[in-house]
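The values are calculated or read from the model by the stated rules, or taken from the named source; none is laboratory data. This structure is a prediction, so every number in the text was calculated from the model and none was measured. Counting neighbours? That spans all protein chains shown, and the Cβs are built from the backbone with ideal geometry, glycine included.
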Amino acid sequence: MNVVQWRSGKSRTKNNMIHYLKKDCRLLEVGSCCRWQRRWLAAIVPTQPKMDTNNVGRMESQNQHSQSHEPLPTKGTTFLRTCFNGVNTLSGVGILSVPYALSQGGWLSIILLLLVALLCFYTGLLLRRCMDSDPLIKTYPDIGHVAFGRKGRVIISSFMYLELFLVAVEFLIMEGDNLHKLFPKQSFDIFGMKIGGKQGFVLGTALVVLPTTWLRNLGVLAYVSAGGVIASVILVLAVFWGGAFDGVGFHERGELSNWNGLPTAVSLFTFCYCGHAVFPTLCNSMKDKSQFPKVLVVCFILSTISYGSMAILGYLMFGEHLASQVTLNLPTKNISSKIAIYTTLMNPITKYALIIAPMATSVEETFPFRESKMMSCLIRTCLVICTVIVALLLPYFGYVMAFMGAFLGINVSILFPCLCYWKITTGFKKFGIERMLILMILLIGTFVAVVGTYTALTNIMNEVKTK
């Protein structure tokens, strides 16, 4: 350890010396010290960037590029590749529940699906404009940091991690429901305890995906999970085939509107378009970032066609009898139904580890022994156990998804982008047409979030009481 003799002759460590110079001489504020003291302090005291320490490398790299006269290399993903990644981001488990959402709100609620898509597209553009305000912005939490400081970063990160956790829970619930659909009479006997089919399948799925969460390199799973677009297409085609050629038919008329079910419908529709946490990363990965608005147009159009088609097909086939997942209504004897269910079952196996990884990494970074493989496996195992517990206690796929859409989806995809854009651009004092539009979105979004969250929690509590 470096030791410095200073003034009174007492030995001071490097850290004590820094504290003394900063407190007594006020070198940073006044600058009244001699030249060698300023050089020494500059050499041992790191300058504090405006962003967090995770972005120091990025800042230094960009500063070096800005000082260089050489042109920046044109690296990044192409327009088509970014479109594929964007559609894959929006193509998730929500496609299983859009028919149920339509049955909750009636035929007129299909208009709400289009409005939610348009609104989320607009807030995606707002995130892009926020990124234009600061070249150091790379992720969604960075936008929150620029807008509201550390509190903004913490709030947005917390919502994102909670969303990831509940998505992992939904994966387990979905596996349990669909496996129980295939094997309805299956039960399990573990250490003398009799466990029902759904609960046993949830535990079995957790044991299967647990080893994948221990991996540090998830490159193979990333490539496999990128088939979300293909899986969505297969699901829509399989459901259509079941209705057109396997005897199910499209005979249900449904209801025109159902006001009591509108909060649930809007919440589920919002969940389908919760891709804003990834949009900044997609934008930064592009070779030509100016084309990102066009990417959003393509992604939202294709996703809306996919969701709308599945919603209409499912509602025409099963009407008011729709379950929270359309695959639970399909007759298992048909080949098309088995294709749809098996495609659904593959999704959690490939994506579960990718969902858990960001949370696990964030927890590991808070410990000094972050490089320990044993502690890493222990932390990831604990996260898996937590998701299993929640999945067993709250096995209500539709209502949990509605809660995610109302509480997390509306905040992350609608309210936060509007607030960050307003704060970053002109603050809360200047008003105009766009500001009035954003204010209206904030008011309506807050109302829908409150009502939707209350409705989802009420439905969950009612299910718990009747269980």
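Is it the case that the stretch 165-181 has a residue that's in contact (Cβ under 8 Å) with a residue 60 or more places away in the chain, surrounded by fewer than 19 Cβ atoms within 10 Å (Cβ to Cβ) and within 16 Å of ALA323 (Cβ to Cβ)?
Checked against the condition, which is being in contact (Cβ under 8 Å) with a residue 60 or more places away in the chain, surrounded by fewer than 19 Cβ atoms within 10 Å (Cβ to Cβ) and within 16 Å of ALA323 (Cβ to Cβ), the stretch 165-181 yields no hits at all.
Considering only the stretch 269-322, state which residues are among the hydrophobic types (A, V, I, L, M, F, W, C) and over 24 Å from ILE111 (Cβ atoms).
ALA277, VAL278, PHE279, LEU282, CYS283, MET286, PHE292, VAL295
Any idea which of ASN347, ASN334, ASN329 is modelled with pLDDT under 90 and either among the polar types (S, T, N, Q) or touching a Leu at 6+ places or on another chain (Cβ under 8 Å) (or both)?
ASN347
In the stretch 394-410, what residues are hydrophobic (A, V, I, L, M, F, W, C) and either buried (at least 20 other Cβ atoms within 10 Å of the Cβ) or free of Cβ contacts under 8 Å to residues at least 24 places away in the same chain (or both)?
The answer is PHE397, VAL400, MET401, ALA402, PHE403, MET404, ALA406, PHE407, LEU408, ILE410.
Restricted to the stretch 441-467, and to residues that are modelled with pLDDT under 95 and either of a type in the set (D, E, K, R) or closer than 17 Å to GLY124 by Cα (or both), which residue is nearest to the chain's Cα centre (by Cα)?
GLU463
Of SER413, SER362, which residue is assigned by TED's automatic domain parsing to the domain that holds MET131, in contact (Cβ under 8 Å) with a residue 40 or more places away in the chain, buried (at least 23 other Cβ atoms within 10 Å of the Cβ) and hydroxyl-bearing (Ser, Thr, Tyr)?
Of SER413, SER362, the one residue that is assigned by TED's automatic domain parsing to the domain that holds MET131, in contact (Cβ under 8 Å) with a residue 40 or more places away in the chain, buried (at least 23 other Cβ atoms within 10 Å of the Cβ) and hydroxyl-bearing (Ser, Thr, Tyr) is SER413.
I'd like to check something: does the stretch 262-273 contain any residue that is surrounded by fewer than 24 Cβ atoms within 10 Å (Cβ to Cβ), among the hydrophobic types (A, V, I, L, M, F, W, C), in contact with a helix residue (DSSP H, G or I) (Cβ under 7 Å, 6 or more places away or on another chain) and assigned to a helix (DSSP H, G or I)?
Among the residues of the stretch 262-273, at least one is surrounded by fewer than 24 Cβ atoms within 10 Å (Cβ to Cβ), among the hydrophobic types (A, V, I, L, M, F, W, C), in contact with a helix residue (DSSP H, G or I) (Cβ under 7 Å, 6 or more places away or on another chain) and assigned to a helix (DSSP H, G or I), which makes the answer yes.
Search the stretch 209-230 for residues being surrounded by 13 or more Cβ atoms within 10 Å (Cβ to Cβ) and at pLDDT 90 or above, and hand back the single one that is nearest to LEU172 (Cα to Cα).
Among those residues, the one meeting the criterion is VAL209.
Residue-by-condition table, conditions (1) under 21 Å from the mean Cα position of the chain (by Cα); (2) modelled with pLDDT under 95; (3) not assigned by TED's automatic domain parsing to the domain that holds PRO331:
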position: ALA206; (1), (2), (3): yes, no, no
position: SER232; (1), (2), (3): yes, yes, no
position: VAL239; (1), (2), (3): no, no, no
position: THR264; (1), (2), (3): yes, no, no
position: SER267; (1), (2), (3): yes, no, no
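Residues of the stretch 184-204 being modelled with pLDDT of 90 or more and farther than 24 Å from ASN329 by Cβ, which ones?
Scanning the stretch 184-204 gives a single hit, LEU203.
Enumerate the pairs (first residue in the stretch 259-278 and under 15 Å from GLY308 (Cβ atoms); second residue anywhere and among the hydroxyl-bearing types (Ser, Thr, Tyr)) with beta-carbon separation below 6 Å, excluding pairs fewer than 6 apart on the same chain, so at least 6 apart or on different chains.
Listed pairs, sorted by first residue: ALA265/SER109; LEU268/SER97; CYS272/TYR307.
Scan the stretch 307-330 and give yes if some residue there is within 17 Å of PHE121 (Cβ to Cβ) and polar (S, T, N, Q), otherwise no.
no
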